[in-house]
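See below for the structure under consideration.
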Amino acid sequence: MISCKPVANLVEAFSKLPGIGPKSAQRLAYYLLRRPDEEGRNLAGAILALKEKIGLCSVCFNITDCDPCLICQDEERDRSKICVVERPSDIPPLERTGKYRGVYHVLHGTVSPAQGIGPAELKTEQLLYRLRDSSVAEVILATNPNLEGETTAMYLRRMILPLGIHITRLARGLPFGADLEYADDMTLGQALEGRQEF
Amino acid sequence: MRTPRSYQTQAITIKQIKLGEVDKILTIYTPEFGKLKAVAKGACRPGSKLGGNVEPLTYSLMMLARGRNLDIVTQSQTIDGFLVLKNNLWYTSCGLYVLELIDSFTVENNENPLLFDLLLDTLRRLCQADSSEIVLRYFELHFLHHLGYRPQLHRCVICNSPPLPTVNFFSYSQGGILCSRCSEKEGEPRPLSVDALKTLRLWQDCDYATARRVKVKPALSSQLRQVMHGYIEYLLQREVKSMAWLEELRGS
């Protein structure tokens, strides 16, 4: 038991973080205690700023500290393409590829019938509103290639199809470093269907 | 005799939840052990050998190692990925409804090979793009039978008299039909037309090949669905969430 209340409070706060157990929380708290005051203040400031300054972009629903977000503000972005992703954390990997210059739309989840999560709980209505009101030529459905991601993509396709907009889905197949022997039927089947001239 | 440290089983994945960054906790249904929970380590990694082989709505041959709390999936090879079903929103949703019923009504480590066969057959029937309504009603009736909730459709559950060729009633609390006289003693039994009763009785007693030949008009189909859904939710004492999703898709 830690008798010093501020340390005990910090240990308790750290142990609520994912992947941090009580021992790791204690180690982190004692580590910060040993560090210069400046470092502790910076960490506290960063956590406060995260909660106070971060909100959702009113256009694409990505997390941002300014509204609209930097991607939506960027005049050089191709607004005729919208890439639909599940979570804000899906955007940085797509940006890192350097191959996409369109804009995004974050759904904040996937359709999950067994958990009672339907389209009403996601930003689907906002997506359809955005598509009706702008000159979008292509929607890229970049939900995860698992059952829930596929269900969400199929639902969106059904809703977007009447608008006459070109709908594409991220290609699926074998990841780099994979082993053919262990690939599942669906992945291997789609890798075969999507094979390219070499 | 010591229990072997690893074992092999056929399994249909019915649910998965993420565990940490890259692992998954699977809920699988097997013919030998009934429902089981197991950990699929590293299943979320892009190059994982488990990956797509342990997704829900997949029938696989799995090798599991006994763990302290949960068993660990060490290998999995897909036997049937039900690809036709997974490429169609409606049939995928029907499959998810079937999985939710299995998950909600069964307990862990309670073997029921007949239920496993019924689940497998139902998923295959959905792949054949048969009338999903017949596939689902046939599944519901036989699923309830295998779990001991078979509704009594041949005699009034109170006075034991055979039903007359007129509108009868279905009582969720009594688990069967009521004649018009006994229905007055019950709270709010659901009216059941002659055709609906005949169809349910036929499907309850016949094999699937016969059941699929029945031509069901939309109004009758809707009545059968409402009776079965009401009975299932009464037994479960809570709503079946994917049922609401199916209703939403029907309406859109």
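Computed from the coordinates by the stated procedures, all read-outs in this text should not be read as laboratory data. Quick caveat, the model's predicted, so the values are computed rather than measured. No Cβ is skipped: glycine too gets one built from the backbone with ideal geometry, and neighbour counts run over all protein chains shown.
Is the stretch B:28-35 home to any residue that is within 11 Å of another protein chain (Cβ to nearest Cβ), in contact (Cβ under 8 Å) with a residue 40 or more places away in the chain and touching a Phe, Trp or Tyr at 6+ places or on another chain (Cβ under 6 Å)? Within the stretch B:28-35, not a single residue is within 11 Å of another protein chain (Cβ to nearest Cβ), in contact (Cβ under 8 Å) with a residue 40 or more places away in the chain and touching a Phe, Trp or Tyr at 6+ places or on another chain (Cβ under 6 Å). Of the residues screened, B:A196 is not one that is assigned to a helix (DSSP H, G or I), away from every other protein chain (no Cβ under 14 Å), surrounded by fewer than 12 Cβ atoms within 10 Å (Cβ to Cβ) and out of contact with any strand residue (DSSP E or B) (no Cβ under 7 Å at 6 or more places or on another chain).
Among the candidates B:T74, B:T92, B:T78, single out the residue that is at the interface with chain A (Cβ under 9 Å from one of its Cβ atoms) and not in a helix (DSSP H, G or I). Quick ask: steps written out before the conclusion?
Values: B:T74 fails: at the interface with chain A (Cβ under 9 Å from one of its Cβ atoms); B:T92 fails: not in a helix (DSSP H, G or I).
Only one candidate qualifies: B:T78.
Suppose we keep only residues that are among the small types (G, A, S) and free of Cβ contacts under 8 Å to residues at least 60 places away in the same chain within the stretch B:50-71. Which one would you say is farthest from the other protein chains (Cβ to nearest Cβ)?
In this case the residue turns out to be B:G67.
When A:P68 is tested against the conditions (1) assigned to a helix (DSSP H, G or I); (2) surrounded by 15 or more Cβ atoms within 10 Å (Cβ to Cβ), the lone failure is (1). Only one entry in B:E100, B:E140 is closer than 26 Å to B:L202 by Cα, acidic (D, E), in a helix (DSSP H, G or I) and within 14 Å of chain A (Cβ to nearest Cβ), namely B:E100. In contact with a strand residue (DSSP E or B) (Cβ under 7 Å, 6 or more places away or on another chain) and surrounded by 15 or more Cβ atoms within 10 Å (Cβ to Cβ), is that true of B:T58? Yes.
Would it be correct to say that B:T13 is within 23 Å of B:V240 (Cα to Cα) and either of a type in the set (S, T, N, Q) or facing another protein chain (nearest Cβ under 9 Å) (or both)?
Numbers: within 23 Å of B:V240 (Cα to Cα): yes; either of a type in the set (S, T, N, Q) or facing another protein chain (nearest Cβ under 9 Å) (or both): yes.
In short, yes.
Picking from residues in the stretch B:132-175 that are within 25 Å of B:A209 (Cβ to Cβ) and basic (K, R), the one that is surrounded by the fewest Cβ atoms within 10 Å (Cβ to Cβ) is B:R150.
Could you count how many residues in the stretch A:22-78 are touching a Gly at 6+ places or on another chain (Cβ under 7 Å) and either of a type in the set (D, E, K, R) or within 29 Å of A:R101 (Cα to Cα) (or both)?
Going through the stretch A:22-78, the residues touching a Gly at 6+ places or on another chain (Cβ under 7 Å) turn out to be A:32, A:64, A:67, A:77-78.
Within this subset, residues satisfying the condition of being either of a type in the set (D, E, K, R) or within 29 Å of A:R101 (Cα to Cα) (or both) are A:64, A:67, A:77-78.
Here the count works out to 4.
Total residues in the stretch B:105-131 satisfying the condition of being more than 17 Å from B:L141 (Cβ to Cβ) and surrounded by fewer than 16 Cβ atoms within 10 Å (Cβ to Cβ): the figure is 8. Of all residues in the stretch B:203-252, those satisfying the criterion of being part of a loop (DSSP other than H, G, I, E, B), touching a residue at least 24 places away in the same chain (Cβ under 8 Å) and away from chain A (no Cβ under 14 Å) are B:R212, B:V214, B:V216.
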